[in-house]
Amino acid sequence: MNEWISIIRTIIEAGTPLLIGTLGQIAIERTGILNLGAEGIMIMGAVTGFAFARITGNPWIGLVAAILIGIFFALIHGVISISFNGNQTISGLALTMFGIGLSGLIGRNYIGIPVKHIPRIPLFPLDKIPILGQILFNTNPLVYLSFLLVLIYWFILYKTKIGIIVRAVGDSPETAESMGISVTKVKYLGTIIGGALIGLSGAYLSLIYIPAWIEGMTAGRGWIIVSLTVFAMWDPIYAVFGSYLFGGVEVMQYILQPYGIPPAFLSMSPYIVTILVLCIASRESIKKRLGAPKTLGKPYIREK
Amino acid sequence: MRIRIRKRVVESKRKIILIKIIAVLSALLADAIIFLFMNVDPLRAYYEILRAAFLTEYGLTETIVKFIPLALISFGLMVVFKAQTWNIGAEGQLLMGAIVTTWVALNLGFLPSYIIIPLMYFSGFIAGLSWALIPSFLKIKLHVNEVLTTFMMNLIAQKILEYFVYGPWRDPHGWGFPQTAMFPENARLPILPGTRIHYTTLLLALATCFILYVLIWKTTIGYEIKVVGGNIEAARYAGINIAKIVFLTMIISGGLAGLAGVGEVGGIKFRLNPNVSPGYGYTGIVIAWLGGLNPLGVAIAAFLYSGLLVGGDALQVAMRLPQATINIFNGSILFFILAFDFFTRYEIKLER
């Protein structure tokens, strides 16, 4: 029994950086900006978080630094996509390459040294609930934050005027503009929120989950965020299922290996499922009911 | 006073090239500042890259070694991007080419060289092509966005590769490393003595450059590709079979990426391992775009980039910098070109 509680908790902890990052990606892509730079933002968050935690001796300052660097990096992509009408596919790839390169350079003096990490902190009195308390409320603070973020996202996106504005900007910027909404402002705001969360998800790896700096430590998690966002159809609730599913796959491949299941098969399954989901979701009749931003990746060119 | 932004009617070719050069120089300057902050002497770093890549005989041959896969991939991507179809799956198509070639080399090694080597190229081409066929089919029949599917196919190909080298194909005498046995002698591509240049693949790459030039500028299909890429509505109106163009360009780029995979396992490593490609498929996207989607431009960009990669390896040895450092240049050069590109496409005026 205790073993299962611990496995499920590990799955949630493995899925949390994916969840936080995917929520960030949703903020960016809901406004119509395709972001293939998640891997670059994430790894910059990881190295910056580690460096600041190491220098100041305070991992919380590391988290804040990771958020700031995430915003800065997302804004590079934002300026090119929003203000310069640049090619978003290329700009995103550039961001990923730049982040991988720069993080390697910054992190070269931090390899193999310890850092003060953020421990599990039980959330009294919720952690006293039998079973569920141990799984959900005796873990690290960013897991709690991710629960909160999902609720906030769901509420803002579906229950407030802001949600309508964001969806209008992603689906039909011309209409939004004619309603008096500044499309540019909304896109920048989405970019800033998204960058902050993706940066934070990187620091989760280097200050909580691993915790250490290893070159290239995001190991494709940024790309998983890009696919998860599609998998979740830009919806925060589906993002929860998707993240824990992918997190579960990450944990289970090591647990199932002794039983003769090759880890490669298990770890490729999420990608195959994502392609299948894409096929179903691309049918016109279904597309209308789902959240895919209609202008994703297309620059909004306003000539006046 | 307000700022007016207007799309330029004519984009001058000379100005486009000039702006690209300025963008690259600005990126190098920005990176020098980053290096200074990181306590790395930028002048020494730049000199090391230049020296390692272009100024020594060994370095120059290594630059050509890296030019082979990059040229094949970026020539293919040039064609598919021209049709405004975003195949970012060259990495996976390369890997599938490498995997299938490995099977041929390890299982049909009894065949003489003059049969097995063409067979390796052929099977690698078909493997890369097939891997591109799935996203093309999904795009045409089900309208699935190809950026996302081609990308997923990269990750799946990487996992298939890992399955084989960690599993059934792992060399029992390989000290437990995740790699296959070495290819038999007759399944290795011929190499220019004293270098690592597998010249048959190099010749294929150069021939490809010429063939694609003819295809795009001298044939009806090339014209149709450009119309589809330029204005899809006009293409539909003109009765061009858009599905056919998407299929064709995807197949060309997939097959060429597969050939690059053949070269890497058959001409460089002589075995399959998880590090067949240091991201050539992604770098190819950058090169195709940097070269302005024309064969000469892409060839020049591919050559310079190959040098940059060789220089990256040298930085690692000479200055103990991580190999990934080179990616700083990849990213920043693109950023500056994207930003400066705005000024070639739009004119900005201040008005009262």
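The values are calculated or read from the model by the stated rules, or taken from the named source; none is laboratory data. Note that the coordinates shown come from a computational prediction; the quantities given were computed from them, not determined experimentally. Cβ: placed from backbone, ideal geometry, glycine included. Neighbour counts: every protein chain shown. All accessible areas refer to the heavy atoms of the entire protein, side chains included, with ligands and DNA or RNA removed. Shrake-Rupley method; radii C 1.70, N 1.55, O 1.52, S 1.80 Å.
Quick test of your reading of the structure: A:Leu95 fulfils all but one of (1) within 14 Å of chain B (Cβ to nearest Cβ); (2) assigned to a loop (DSSP other than H, G, I, E, B). Name the failing condition by number.
Every condition holds for A:Leu95 apart from (2).
Take the residues in the stretch A:24-37 that are open to solvent by less than 10 Å² (accessible area, probe 1.4 Å) and within 12 Å of another protein chain (Cβ to nearest Cβ); name whichever of them is farthest from A:Ala168 (Cα to Cα). Give the derivation first.
Filtering the stretch A:24-37 for residues open to solvent by less than 10 Å² (accessible area, probe 1.4 Å) gives A:24-26, A:28-29, A:31-33, A:35-37.
Filter once more, so that each one left must be within 12 Å of another protein chain (Cβ to nearest Cβ): A:29, A:35-37.
On the way: A:Glu29: 12, A:Asn35: 19, A:Leu36: 22, A:Gly37: 24 Å.
Looking at residues that are open to solvent by less than 10 Å² (accessible area, probe 1.4 Å) and within 12 Å of another protein chain (Cβ to nearest Cβ), I get A:Gly37.
Given the condition within 12 Å of chain B (Cβ to nearest Cβ), open to solvent by 70 Å² or more (accessible area, probe 1.4 Å), not aliphatic (A, V, I, L, M) and not in a loop (DSSP other than H, G, I, E, B), answer yes or no: does some residue in the stretch A:220-243 qualify?
Checked the stretch A:220-243: no residue is within 12 Å of chain B (Cβ to nearest Cβ), open to solvent by 70 Å² or more (accessible area, probe 1.4 Å), not aliphatic (A, V, I, L, M) and not in a loop (DSSP other than H, G, I, E, B).
Residues that are at pLDDT 95 or above and of a type in the set (Phe, Trp, Tyr): find the helices (runs of 4 or more DSSP H) completely inside the stretch B:1-116 holding 2 or more of those.
Numbers: elements: B:13-37, B:42-50, B:57-82, B:90-107.
It comes to B:57-82.
Just a yes or no: is a residue in the stretch B:177-196 within 20 Å of B:Ala105 (Cα to Cα), within 14 Å of another protein chain (Cβ to nearest Cβ) and surrounded by fewer than 19 Cβ atoms within 10 Å (Cβ to Cβ)?
yes
Report, ordered by the first and then the second residue, all pairs with beta carbons closer than 7 Å, sequence separation of six or more or different chains, a first member in the stretch A:1-14 that is more than 23 Å from A:Gly202 (Cα to Cα), and a second member that is aliphatic (A, V, I, L, M) and part of a helix (DSSP H, G or I).
Pairs that qualify, where the first residue is more than 23 Å from A:Gly202 (Cα to Cα) and the partner is aliphatic (A, V, I, L, M) and part of a helix (DSSP H, G or I), are A:Ile5/A:Ile135.
Please find, within the stretch A:196-219, the residue that is modelled with the lowest pLDDT out of those that are within 12 Å of chain B (Cβ to nearest Cβ) and open to solvent by 30 Å² or more (accessible area, probe 1.4 Å).
Top of the filtered list is A:Ala219.
With respect to the numbered conditions (1) over 21 Å from B:Lys139 (Cα atoms); (2) open to solvent by 10 Å² or more (accessible area, probe 1.4 Å); (3) touching a helix residue (DSSP H, G or I) at 6+ places or on another chain (Cβ under 9 Å), which one is the sole condition not fulfilled by B:Gln84?
Exception for B:Gln84: condition (1).
Which one of the conditions (1) within 12 Å of chain B (Cβ to nearest Cβ); (2) touching a residue at least 60 places away in the same chain (Cβ under 8 Å) does A:Ala66 fail to meet, given that it meets all the rest?
With respect to (1) within 12 Å of chain B (Cβ to nearest Cβ); (2) touching a residue at least 60 places away in the same chain (Cβ under 8 Å), A:Ala66 is out only on (1).
Does B:Thr208 fit the bill of being assigned to a loop (DSSP other than H, G, I, E, B) and either surrounded by 13 or more Cβ atoms within 10 Å (Cβ to Cβ) or modelled with pLDDT of 95 or more (or both)? Show your work before the answer.
Numbers: assigned to a loop (DSSP other than H, G, I, E, B): no; either surrounded by 13 or more Cβ atoms within 10 Å (Cβ to Cβ) or modelled with pLDDT of 95 or more (or both): yes.
No; evaluated as a whole, the condition is false for this residue.
Given the criteria within 14 Å of chain B (Cβ to nearest Cβ), within 30 Å of B:Thr283 (Cβ to Cβ) and either open to solvent by 20 Å² or more (accessible area, probe 1.4 Å) or touching a Phe, Trp or Tyr at 6+ places or on another chain (Cβ under 9 Å) (or both), does A:Gly107 qualify?
Details: within 14 Å of chain B (Cβ to nearest Cβ): yes; within 30 Å of B:Thr283 (Cβ to Cβ): yes; either open to solvent by 20 Å² or more (accessible area, probe 1.4 Å) or touching a Phe, Trp or Tyr at 6+ places or on another chain (Cβ under 9 Å) (or both): yes.
So A:Gly107 passes the test.
In the set A:Thr191, A:Thr160, A:Thr184, A:Thr175, which member is more than 26 Å from A:Ile55 (Cα to Cα) and touching a Phe, Trp or Tyr at 6+ places or on another chain (Cβ under 9 Å)?
A:Thr184
Residues of the stretch B:298-322 being facing chain A (nearest Cβ under 8 Å) and touching a Gly at 6+ places or on another chain (Cβ under 6 Å), which ones?
B:Pro322
Has the stretch B:285-292 got any residue that is assigned to a loop (DSSP other than H, G, I, E, B) and within 14 Å of chain A (Cβ to nearest Cβ)?
Going through the stretch B:285-292, the residues assigned to a loop (DSSP other than H, G, I, E, B) turn out to be B:291-292.
From the residues that got through so far, the ones that are within 14 Å of chain A (Cβ to nearest Cβ) too are B:291-292.
Within the stretch B:285-292 (the criterion being assigned to a loop (DSSP other than H, G, I, E, B) and within 14 Å of chain A (Cβ to nearest Cβ)), the answer is yes, since at least one residue qualifies.
Can you find even one residue in the stretch B:86-102 that is more than 29 Å from B:Val214 (Cα to Cα) and not polar (S, T, N, Q)?
yes
If a residue must be of a type in the set (Phe, Trp, Tyr) and either open to solvent by 50 Å² or more (accessible area, probe 1.4 Å) or not in a helix (DSSP H, G or I) (or both), how many such residues does the stretch A:245-273 contain?
Of the stretch A:245-273, the ones of a type in the set (Phe, Trp, Tyr) are A:246, A:254, A:259, A:265, A:271.
Of the ones still in play, those that are also either open to solvent by 50 Å² or more (accessible area, probe 1.4 Å) or not in a helix (DSSP H, G or I) (or both) are A:254, A:259, A:265.
Of the residues in that region, 3 qualify.
Residues of the stretch A:69-92 being in contact (Cβ under 8 Å) with a residue 40 or more places away in the chain and within 11 Å of another protein chain (Cβ to nearest Cβ), which ones?
Step one: filter the stretch A:69-92 for residues in contact (Cβ under 8 Å) with a residue 40 or more places away in the chain, giving A:69-75, A:77-78, A:81-83, A:85-86, A:88-89, A:91-92.
A:Phe73, A:His77, A:Ser81, A:Ser83, A:Asn85, A:Gly86, A:Gln88, A:Thr89, A:Ser91, A:Gly92 - these are the residues of the stretch A:69-92 that are in contact (Cβ under 8 Å) with a residue 40 or more places away in the chain and within 11 Å of another protein chain (Cβ to nearest Cβ).
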